[in-house]
Amino acid sequence: MSEAATPVNPASNEPTLAAAPAGDRPLLQLENVVKHFPIRRGIFFKRQIGRVQAVEGVSLEVRRGETLGLVGETGCGKSTLARCITRLHPLTSGRVIFDGVDITRLSAGQLRPYRRRMQMIFQDPFGSLNPRRRVGSIIGDPLAIHGIADGGERKRQVQELMEVVGLNPEHYNRFPSEFSGGQRQRIGVARALALRPSLIVCDEPVSALDVSVQAQIINLLEDLQGEFGLTYVFIAHDLAVVEHVSDRVAVMYLGKIVEMADTAELFGSPRHPYTAALLSASMVADPEKARSSHRVVLYGDVPSPINPPSGCRFHTRCPKAQPLCSVEEPPLRVQAGDPGGHLTACHFPVAPGEQLVGAEPAISAAVTEFVATSPGAGEEETV
Amino acid sequence: MSLSPFDVGSAALVADEDQSLEALDAGRAIEGRSPLRLAFARLRSDRIAWLAAGMIVLMALLAVVAPVLSALTGHSPYNPDLVNGTDSFGQPYGPGQAGFLLGTDNVGRDILVRVAYGARISLLVGVLATLLATVGGTILGLVSGYYGGWIDALLARMMDAVLSFPYVLAAIVLAAVFGGSLPLTIGVIAFFSWAAIGRIVRGQTLSQKEKEYVEAARSIGAGSFRIMFVDILPNLIAPVIVLGTLLVPVAVVFEATLDYLGVGVGPPTPTWGNMLADDQGSAGFGAWWFWVFPSVALLITTLGFNLLGDSVRDALDPRTERLFANRRKKVVVGGGPDASARADTDRLSGGTEAR
C-alpha cells in the first residue's frame, strides 16, 4: 500500500491539481465519492438484497482556510459524506485526497498521521462524549493516542485547550454530565483542536443546541479559524447558520450535490430549483421581507435512497421538471450567465428573478405517460 | 473577529454556571465524582446493603479465624477424634456439650471448626471463580460484540453452548478423569459461569459501539483495543459489577453441590457440601446439628451476596431509588448542610447513564 501514501502523481489524470504548489493546492479534494450501505437479509448467508445509496458521486474541493458549507434535508447524505471524508466509513468508490495525498485506501496505521490533521466535531454533544470518562481524559485522548504529551504536560495542554474554547480549566476532572449542552460542545471542539488539525469537519455542530448557545459556538468556531488557520467543512440544515459561517456552500439532495457556489452568489441567485425552494422555506428575520417573499412549497417526501428516481433525482418533486429530467441526469456545471465557481446540476435552471409559482411537481402527469412509453424509467418513485 | 453581542453573553453564561456549581461544591476542590463513587455513596445509605455486608463480613471473619479456632479449642478440622469428640457410648456430642459449641460429627470432629474451614473453601471458590468468570466473560463479550462477524458468531454460539450444557454432568466427568481438586473446582465453576457475563457484555457492547463517542474515538485515531477497553468498558462496568456480585452466591452453591456429590474439593478438606454429604448417611436421625450448621452458613453466605447484589444494582441505577426510598437512611453521604442539595446533583448526574 505504499504507493497509496505517496502524493498524487503529476503524470496521473489530475495534472492540474498535483502540479499546483502546496500553497495553492486545495486542502481536500473529493473525487466521485460513492458510499452505498448494503441491505442484507438472512441468518447464515446474508444475501445482499439492496443498497442504500447514501452518497452517489460527490466531487468537490475545499481550499485552505475556507469554510465550505454543506446543506440539505435530513437523510440527504451530508453526515455520511462527512464520515467518508474523515474515513470513518470506507468508501464504496471514489477518492478522498487530503493535501495532495490519496487517503482513500490507507490502513488504520497509515491513516494515523492524517487523523492528526483532520478532525471532526459531532452533532450530539451528549452522545459524542463518553459519559464515563473525565473531561480531562476526553480532551487529552488525542494527545495520548498520538504520543504528543504525557502526564503533567498533557494536563497543562488540556487545560490550555479548555481555556481556548472558553471552559474553566479547573473543571478538568469533571464528567460530561456535569456540563450543559453548549459547554459539552465546547469540550468536543477542544478535543478536535487538541492535535492542531488543519481541517475540521463539523457535522451539524450546532443543530442540537439552543439558539443562543448556537451563536456562542459559531462565534467560537470563527475565532478559532482565525487563530489557528483552520479549514472547515461545515454541515448544517439551518440555512441562516450556513450563510453566516460559509465562504462557499454546496447543496445536497439525495446523495448528490445539486448546486455549489460562493455563499453570496448562492443565496443571492440560486439556480437549482431545489436550492430556490430551500431558500424560500427558510425564515427571514424581517417581517417586511417575510411578507413579500414567495414561498415555494415542495410536495411529497425525499424519495428513498434505496431506489432513487432516474435521471435528475429531484425531478419527482421539481416544479420545473420536464420529461428530459427523468431520463438524463444533468451534470454539475457552470450554467450560462453564471460566474466560474457557480455549479448547478439542472437541465432547466431557475433564471435570476424567476418565481417558482407552480410548486407542484410539474412532471407527475408527464411521468406517468413517460413511464408507459420508455423502458428503463419504470423504477420511478412518484411521490 | 469583531466582538459581537454573543461573546458577552457567552462569558456571562459561563461565569454564571461556574458560580452555581462552586456553591454546590462548597469550597471543595473542583473534581467531578465518578458515577461509581456516586453509586458507592448511594450504596452506603442503603440499610439492606449494610446487613448484607455484615453477613459477608461475618463469614469472611469465620474463614480468617478458622486456624485460630482450631488452635484455641485444640480440635483439628481433619482428624477424627473418637476419644474426645464422642461420648462414652461413641455417640457425637450435641451443641454445647463437652466444650463443643456446635457439637461434633459422627467421627468426633468439631463442627464449628469444620464450618469455619468450610467457609474458607466456599469464599475462596466463590470469589475466585467469579473473578475468573467475570474477567473472561467481559473480555470475550467485548471482543464478540465489538468485532462482530465470524468472531461474534463463534463466540456467541460458544456462550449458548456453555449455557445449555448440563454442568453437573460435565463436572462429574471431569472430576472422574482428573480427580477432584480445588483448582479444578474453581476452573469448572468459572468455565460454566463466564457465558452469563459474556452474553450481557456482548449485548451492551453491541449498543455502545454505535454511540457517537466511539466514532469520536476512531476519528482521533484510537485503535480497536483502546476503544474496547478504555472507551466502551467503563460504560459496561455497572452491569458487570451487579452480575459479578450475583454470581458469587451461585458459585458458592455450585461448589457446595459439587462437594456434596463428591466431585469437588473432596475430603479430608472440610467443605459445607461434603459436611452435608457425610452426615446424611450414618447417624443423621436426631443429630440435627450435623446438617443445620453447614446449611445456615451456606444460607448466610448466599443471602449476603444476593442482597448485596440487589443493593448494588439499585445503587448503580438511581432510577429505582424512589421505589426503595423507605429503606434508605435519612442522612445522605456524610450529612452536613449541603447534603440534600448534593443528593439532588447525585440523581441528576448519575441518572441518565447507569443501568
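The values are calculated or read from the model by the stated rules, or taken from the named source; none is laboratory data. Predicted, not measured: the structure shown is a model, and the values here were computed from it. Positions of Cβ are backbone-derived with ideal geometry, glycine not excepted, and every protein chain shown enters the neighbour counts.
A few points about this structure:
- Residue in the stretch B:190-201 that is surrounded by 21 or more Cβ atoms within 10 Å (Cβ to Cβ), part of a helix (DSSP H, G or I) and touching a Phe, Trp or Tyr at 6+ places or on another chain (Cβ under 6 Å) present: yes
- Among the residues of the stretch A:139-154, the ones that are more than 20 Å from A:Leu230 (Cβ to Cβ), within 12 Å of chain B (Cβ to nearest Cβ) and outside any helix (DSSP H, G or I) come to 1 in all.
- The residues of the stretch B:223-234 that are within 7 Å of chain A (Cβ to nearest Cβ) and either buried (at least 23 other Cβ atoms within 10 Å of the Cβ) or among the aromatic types (Phe, Trp, Tyr) (or both) amount to a single one, B:Asp231.
- Strands (runs of 3 or more DSSP E) contained in the stretch A:155-267 and holding at least 1 residues surrounded by 18 or more Cβ atoms within 10 Å (Cβ to Cβ) and among the acidic types (Asp, Glu): A:199-203, A:256-262
- Residue in the stretch B:49-72 that is at pLDDT 50 or above, within 14 Å of chain A (Cβ to nearest Cβ) and either farther than 30 Å from A:His244 by Cβ or in a loop (DSSP other than H, G, I, E, B) (or both) present: no
- From the options B:Leu206, B:Leu247, residue that is over 30 Å from B:Val173 (Cα atoms), in contact with a helix residue (DSSP H, G or I) (Cβ under 9 Å, 6 or more places away or on another chain) and more than 14 Å from chain A (Cβ to nearest Cβ): B:Leu206
- Residue in the stretch A:60-102 that is surrounded by the fewest Cβ atoms within 10 Å (Cβ to Cβ), counting only those that are without any contact (Cβ under 8 Å) to a residue 60 or more places away in the chain and assigned to a loop (DSSP other than H, G, I, E, B): A:Pro90
- Taken over the stretch A:114-125, the criterion of being surrounded by fewer than 18 Cβ atoms within 10 Å (Cβ to Cβ) and either touching a Gly at 6+ places or on another chain (Cβ under 9 Å) or facing chain B (nearest Cβ under 8 Å) (or both) is satisfied by no residue.
- Test: residue in the stretch A:156-169 that is more than 8 Å from every other protein chain (Cβ to nearest Cβ) and touching a residue at least 60 places away in the same chain (Cβ under 8 Å): yes
- Selection count where residues are within 19 Å of the chain's Cα centre (by Cα) and among the aliphatic types (A, V, I, L, M), scope the stretch A:176-205: 5
- Residue in the stretch A:277-300 that is part of a loop (DSSP other than H, G, I, E, B) and either basic (Lys, Arg) or at pLDDT 80 or above (or both) present: yes
- Taken together, the criteria place B:Asp81 among residues that are free of Cβ contacts under 8 Å to residues at least 40 places away in the same chain, in contact with a Lys or Arg (Cβ under 7 Å, 6 or more places away or on another chain) and surrounded by 15 or more Cβ atoms within 10 Å (Cβ to Cβ).
Residues are listed down the side, and each one gets a yes or a no for (1) over 19 Å from the mean Cα position of the chain (by Cα); (2) away from every other protein chain (no Cβ under 14 Å):
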position	(1), (2)
B:Leu169	yes, yes
B:Leu174	yes, yes
B:Val188	no, yes
B:Phe191	no, yes
B:Ile200	no, yes
B:Lys211	yes, no
